[in-house]
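Report on the following structure.
Laboratory data are not the source of any read-out in this text; all were calculated from the coordinates shown. Since we're looking at a predicted model, the values are computed, not measured. So basically every Cβ, Gly included, is an ideal-geometry build from the backbone, and we count neighbours across all protein chains shown.
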Amino acid sequence: MNQTIAIDGPAGAGKSTIAKRVSNMLGYHYVDTGAMYRTLALALLRAGISEKDEEAVKKILVSTEVRVRYEDSVQHMILNGEDVTHLLRKEEVGDMASRSSALAPVREKLLDLQQQLAESMPVVMDGRDIGTVVVPDALLKIYLTASVAVRAQRRYKELVEKGETPVLPNIEADIRERDERDMNRPIAPLRQAEDAYLVDSSDLTIEEVCDRIIRLFYGALGITIAENAGFCFGVRRAVRMLEESIENGEKPIRTLGPIIHNETVVRSMEEKGVITLKDGASLPTDGKGTVVIRSHGVGPDVSEKLRGMGYQVVDATCPFVQKIHEIVRRESKAGRLIILIGDPAHPENIGTLAWAEGPCISIASAEEAKAMKLPKDARICVVAQTTFDREKFKELVEIIGEKEYDMLVLNTICHATDMRQTEAAALADSVDMMLVVGSRSSSNTQKLYDICKGRCACTSYIQSLDDLVTITFRSDSRVGITAGASTPNNIIQEVAGYVRRAKF
């Protein structure tokens, strides 16, 4: 099956950077067609031939040999037996390439080479006319662009880093002139293919652009990765804060329990010297080093105790969890009994209940809600574990509401969890198979699995690639992938990659 990814776009849009990154992520070969045109441009410059003298260009092309060689998956351009890769980024070479690439003899000489590469192996290829001329049948076509101002700023920064003293207005003028030339040349002009996806990188990071393209690629193969799969804001923040402590050279670094519920991430951190304290484990009394409070949070007495012992404390509690802490403290102080809907053994809930300044209970099932008996005049405040199932939360609130207490309900399920669950439900409705990726110890991943299983009978819980071995994937099956809030993106991509290879 043709799995070529074609990326077109104007100069300075980041095509080469993105194409290289995407090819690495997929294990594909990257074909830099711009380097091919620059190679012929270099040949013309060395021969002192102007692109305006088309007869002279035709003559020299007959005796010019251009080959592509890959070394450790890196493309090298060979001109008449010489590796000229290191010479191709010079400004004069790029300028000549833009002018000479409009010539029919130049394009004809390289077209066969480009098409042979696309037919011989899975590739990501970028240029000006890849999706329109070179591989019009590419599986995925991307038109990558960015505003002139952004592209000029990127080029300016690149030249400054090389020690040059560029003039920004001049760079902008050059880019506009090149765009005009590329878009209006008579042969293979730069344009967006009708079936290409437009991706504007002006306000996106490299990682965001790559992620968007990867998702589009898998979508073209019938593999849909949920937009909100993987690390949520709180988890990403906690991991970043721990990594910053490591980078700052703080030693020893301990976390109160696993920083997040993902064994791969925890093991990676431990390899960097982080000590993961098991629940209930005691800290040394010397107060040396840093203690990181994980995203699930702790009670106020824990933080105070740590600081009193002399430890440097890094509080990585998720802001959404901190919000519940404040609600529980405020409402319990106002005389309301706190009812926390969620798993009473979950570390988030253990920490949350510790913020109550009065009576509090935790329930997780309809049976517990029905069995709950409080005085008729009870004043209660109902909150939820941030990762609790929203539909189940509504069910339990309705049951408690029938008891006619003075009830204040605050839905504290975080927005990211709500979006992830809603999206997973919709995706499970639209596919033949559903894969839910994450650790068995992750509460929110388990809830995603339950939601998907209720909508798609062929739903599997995936903790590692080993769990995929027993599953048969048909080429025509539509596969959906979602993941818990503690699942790193690279694991999601590994699962998607496995499915791609298994399907085709």
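Between the C-alpha center of the stretch 117-156 and that of the stretch 203-259 there is a gap of 26 Å.
For the cross-link pairs Lys403/Lys453; Lys394/Lys453; Lys251/Lys278; Lys20/Lys503; Lys20/Lys141, the ones whose C-alpha atoms lie over 27 Å apart are Lys403/Lys453.
On a 0 to 90° scale, report how tilted helix 390-401 is relative to the longest principal axis of the chain, with both axes built from alpha carbons and the result rounded to the nearest 10. Relative to the chain, helix 390-401 is tipped by roughly 20 degrees. Over the chain, Cα pairs under 8 Å with separation of 6+ residues give a relative contact order of 13 percent. The percentage of C-alpha pairs in the chain whose separation is greater than 28 Å is 64%. Normalising by residue count, the stretch 5-197 has a Cα convex hull of 125 Å³ per residue.
For Ile462, the residues whose amide H sits under 5 Å from its own are Val436, Val437, Gly438, ignoring neighbours fewer than 5 places away on the same chain, with H placed 1.01 Å from N.
Here the Karplus relation 6.51 cos²θ - 1.76 cosθ + 1.60, evaluated at θ = phi - 60°, turns the backbone of the stretch 82-89 into coupling constants of 9, 6, 10, 3, 6, 9, 7, 8 Hz, with x for every Gly and Pro.
Rg/Rh for the stretch 417-503 to two decimals, with Rh computed the Kirkwood way over all alpha-carbon pairs. It would help to have the intermediate numbers written out before the result.
Details: Rg = 11.8 Å, Rh = 12.7 Å.
Computed over Cα atoms, the ratio is 0.93.
With respect to the chain, whose longest principal axis is taken over its alpha-carbon atoms, helix 91-100 is tilted by about 70°.
Residues whose amide H lies under 5 Å from that of Leu337, counting only those 5 or more places away or on a different chain, are Arg379, Ile380, Cys381; hydrogens are built 1.01 Å from N in the peptide plane.
Between the helical axis of 148-161 and the longest alpha-carbon principal axis of the chain there is an angle of about 80 degrees. Computed from backbone phi with θ = phi - 60° and the Karplus coefficients 6.51, -1.76 and 1.60, the 3J(HN,Hα) list for the stretch 211-216 is 4, 5, 5, 4, 5, 5 Hz; x is used for glycine and proline.
Calculated mean residue ellipticity, 222 nm, the chain: -14000 deg cm²/dmol, from DSSP H runs (n ≥ 4) at -39500 (n - 2.57) each, averaged per residue and rounded to 500.
Distance from the alpha carbon centroid of the stretch 12-26 to that of the stretch 384-426 works out to 42 angstrom.
What does the charge count near Gly222 come to, summing +1 for each Lys or Arg and -1 for each Asp or Glu among other residues with Cβ under 11 Å from its Cβ?
Working: positive: Arg474, Arg478, Arg500, Lys503; negative: Asp432, Asp476.
Residues near Gly222 contribute +2 overall.
Overall dimensions of the stretch 1-60, expressed as equivalent-ellipsoid semi-axes from the Cα gyration tensor (√(5λ), whole Å, largest first), are 31, 12, 10. Residue ranges 369-379, 190-200, 146-156 sort as 146-156, 190-200, 369-379 when ordered by packing (mean number of other C-beta atoms within 10 Å per residue, highest first).
Scanning residues 5 or more positions from Val314 or on other chains, those with amide H under 5 Å from its amide H are Val291, Val292, Ile293, with H placed 1.01 Å from N in the peptide plane.
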